[in-house]
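Single-structure report; data block below.
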Amino acid sequence: MTPRRPRAEDAPAMAAIVNAWIDATPWMERDLPPAQIEALISDGMALREIWVICTPVAGYIPIEVEIAHIWGFYCARTGQGLGKRLLDQAKQGRDFLSLNTHLPNLGAQRFYVREGFQAVGQHDAGPVSTAKPVAGQGAGGPREMRMEWRS
């Protein structure tokens, strides 16, 4: 299972992962319909460095290169090393990455700490990207923790 760059036909599977996560997460309100999430992912492919894993896609990680920020890191299956492989790919050639994670998402926070990220602050949820919005990055939602990794 080696990460690869996505193809246009991967967008529905990527969106299905996000939509399934939203639907299964009691504290996460849906702020966008499923079709709009798929459209945002499709549009974002040209704007970000994105890596996917497996065929069909079982996880993906989008990076806004200009600011070395990860937006919307999702895996359909946890505990199988997919997220670690994607994050290792994102770290290649970089000495810094940042991301935001929802405060209630304690499992994600434990994963990021294991991977060398440190919490550096908290803020209200909402888009702060210099590029177009991404799926799962709406105007509201739970507070977020900003985390940073340095090599």
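Please treat every number below as a calculation from the coordinates, not as lab data. Note that the structure is predicted; figures quoted are calculated from it, not measured. Cβ placement follows ideal geometry from the backbone for every residue including glycine, while neighbour counts extend to all protein chains displayed.
Can you tell which of Gly59, Gly72, Gly116 shows the greatest fluctuation in a Gaussian network model of the chain with Cα springs below 10 Å? In the Gaussian network model the winner is Gly116.
Taking the chain as a Gaussian network of alpha-carbon nodes connected by springs under 10 Å, the highest mean-square fluctuation of the residues Phe73, Phe96, Phe117 belongs to Phe96.
For region 1-69, averaging the sequence separation of C-alpha pairs within contact (under 8 Å, six or more residues apart) and dividing by the residue count gives a relative contact order of 41 percent. State the label only: which of [x] 14.0, 38; [y] 17.8, 59; [z] 15.2, 49 corresponds to Rg and Dmax of the Cα atoms in Å computed from the shown model? Computing Rg and Dmax of the Cα atoms in Å and matching it to [x] 14.0, 38; [y] 17.8, 59; [z] 15.2, 49 gives [x]. Among Ala24, Ala119, Ala58, which one shows the highest mean-square fluctuation when the chain is modelled as a Gaussian network with alpha-carbon springs under 10 Å? Per the Cα network of the chain with a 10 Å cutoff, Ala24 tops the list.
The modelled label-to-label distance between Ile67 and Arg150, using points 7 Å beyond Cα along the C-beta direction, is 1.9 nm.
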